Amino acid sequence: MSTQKVAIVTGAARGIGAGVAKRLASDGMAVAVLDLNEDSCAGTVKAITDAGGKAIAIGADVSSEESVSAAVAKVVDELGAPTVLVNNAGIIRDNMLFKMTVDDWDAVMGVHLRGAFNMSKACQKHMVDAGWGRIVNLSSTSALGNRGQANYSAAKAGMQGFTKTLAIELGKFGVTANAIAPGFIATEMTAATAERMKVSFDDFKAAAAKEIPVNRVGEPEDIAHLASFFASEGAGFISGQVVYAAGGPKD
Ligand code: NAP
């Protein structure tokens, strides 16, 4: 039987998730590239297999318990029991509070919080059975508060409490849970924000970089590096932590 570890990365068709999936594959893991639409995962899967790694595409909606349970069963069948989970799938529905609809609120909570809950619950039994596991959750600097993001900041702060609780409950089974809270990362998500604010993405990134101590915006690889660390064998004594990866201090 193969000893290759199996990882699931949600929202891995593009952006940070794609960067994390590629990195975990180059670290030697077999990776389930999960996103809403299975076809959209093809680019990430191809990049991994072209580089000599192992990956499969999985279409699933993390906010649906049924969809998640079918997806995890498929991963078990095709790759083996998942012992690394990166809860990265996310959406934004930004608006000032007085304009934010209940649908905007529920959609964001559904993907980030219910999604991370569904995925973690479905995967934890495989980690507990293996006596080893790594859960990495994507929070955000928006957890500290951000204008126009009442829904998203609440969800991302929620991810931190969720992470700490998983760390407490699952630690005795060899499972760690940690959160990454990125600052500005150049992806379609931040490109969409630039478009909504009617500025070019280049101008938007340049303005953001001026406020960041390391003088640049982040790239998916910056986050993938930290996810790789949290998922590694040697990180077993680090659990329940939130690391801000934002090119400078945040707290
Ligand atoms: P992105 O480019 O928008 O990618 C997010 C991916 O998640 C998309 O492929 C999207 O699929 C998928 N997704 C959305 N809803 C889903 C669902 N219900 N089930 C499965 N997959 C779903 O975003 P990103 O910038 O890479 O962000 C990744 C994570 O990092 C998110 O949790 C985000 O909140 C967090 N983050 C990002 C930044 C940043 O600056 N970019 C900063 C802090 C935190 P579709 O395309 O089909 O919708």
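Just a yes or no: is a residue in region 173-185 among the polar types (S, T, N, Q) and surrounded by fewer than 18 Cβ atoms within 10 Å (Cβ to Cβ)? Checked against the condition, which is being among the polar types (S, T, N, Q) and surrounded by fewer than 18 Cβ atoms within 10 Å (Cβ to Cβ), region 173-185 yields no hits at all. Restricting attention to region 175-228, the residues that are near the ligand (Cβ under 8 Å from one of its atoms), part of a loop (DSSP other than H, G, I, E, B) and polar (S, T, N, Q) add up to 1.
For region 13-20, the condition of being of a type outside the set (A, V, I, L, M), part of a helix (DSSP H, G or I) and more than 9 Å from the ligand (Cβ to nearest atom) holds for none of the residues. Against the list (1) assigned to a loop (DSSP other than H, G, I, E, B); (2) open to solvent by less than 20 Å² (accessible area, probe 1.4 Å), the condition Val86 fails is (1). If you go through region 191-232 and pick out every residue that is of a type outside the set (Lys, Arg) and at positive phi, you end up with 1.
The values are calculated or read from the model by the stated rules, or taken from the named source; none is laboratory data. Every value quoted in this text rests on a predicted model; they were computed, and no experiment measured them. Heads up, the Cβs are rebuilt from the backbone with ideal geometry, glycines too, and the neighbour counts pull from every protein chain shown. When the accessible area is computed, the model is the full protein with side chains, heavy atoms only, and any ligands, DNA or RNA have been set aside. Shrake-Rupley method; radii C 1.70, N 1.55, O 1.52, S 1.80 Å.
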